[in-house]
Amino acid sequence: MAEEQDIDLKIAPPADPGLPPGFKCLGVLGEGTFGVVYKVLLQHLQQVVAVKVFRSISNEDKVAQRMTREAKAISKLDHKNIVKLLQVGYTTGGAPFLVYEYLDGVTLLNALNSRKLSLLEIDQILKQVLSGLSYIHSAGFIHRDIKPGNIMIIREGLTGSHKVAKILDFGIARQMEELEQGSSNRASTNASSSTGPTTSTSLMHGSPNYMSAEQCQGKVL
């Protein structure tokens, strides 16, 4: 599977995330091109959470401000099939990070790699993912990186027989209004310059194997 790609962000050093006081790092949950996800104990609440740390390659202030603005809006989303974003912050080195609820489960990618899912399981998982996406879209957002690795399967109920799908990782999610406005601005700029590009690749984010044609071309989604 092709790796995630992003022009603005790169992996933060996993050895020392530089989280603020009160954040006790318990280990690394996973790494990707956008950042590193840590298992962290919020000591003042005695609550285990997942913290995703980013690092900007360029235009750090712009990237951080954009991420903070988007995250504050996304934190208001509340749906049983969406991981809950709890807060936003910055490391001691100035890198932005997102704090999510901690989910004890397995990603759909790992589930698919370990065994063949039944048609009933596939039906249940897809319905839940679509329910979460429908809610996200109705709230005015586009996730932009839906793939098996960003879907967590957890078990609920006394026997743990009930499987719940949770959509993860809103690191590159955007508001539809912002995407549309950005597309209009680029179109205006291109129209005024005969030598300018017809599309912008500066906003092209996502995982190539799971990107739509317009996403690959940097067009409005």
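Here S114 meets the list (1) among the hydroxyl-bearing types (S, T, Y); (2) surrounded by 15 or more Cβ atoms within 10 Å (Cβ to Cβ); (3) at pLDDT 90 or above almost entirely, failing just condition (2). Just so you know, in the range 89-142 the residues that are hydrophobic (A, V, I, L, M, F, W, C) and in a strand (DSSP E or B) include one that is farthest from S75 (Cα to Cα), and it is V106.
If the condition is being among the acidic types (D, E) and touching a Lys or Arg at 6+ places or on another chain (Cβ under 8 Å), then the range 114-155 contributes only E121.
Conditions tested, residue by residue: (1) modelled with pLDDT under 60; (2) closer than 18 Å to I74 by Cβ; (3) not in a strand (DSSP E or B).
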residue	(1), (2), (3)
R144	no, yes, yes
I154	no, no, no
V164	no, no, no
E177	no, yes, yes
S184	yes, no, yes
N190	yes, no, yes
S193	yes, no, yes
T198	yes, no, yes
T201	yes, no, yes
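When restricted to residues that are in contact with an Asp or Glu (Cβ under 7 Å, 6 or more places away or on another chain) and crowded, with 21+ Cβ neighbours inside 10 Å, the range 136-158 contains 2. Cβ-Cβ distances below 6 Å connect the following pairs, each with a first residue in the range 25-40 that is of a type in the set (K, R), a second residue that is not in a loop (DSSP other than H, G, I, E, B), and a separation of six or more residues or different chains: K39/L26; K39/G27; K39/L29.
The values are calculated or read from the model by the stated rules, or taken from the named source; none is laboratory data. All of these numbers come straight from a predicted model, not from anything done at the bench. All Cβ positions, glycine included, derive from the backbone under ideal geometry; neighbour counts span all protein chains shown.
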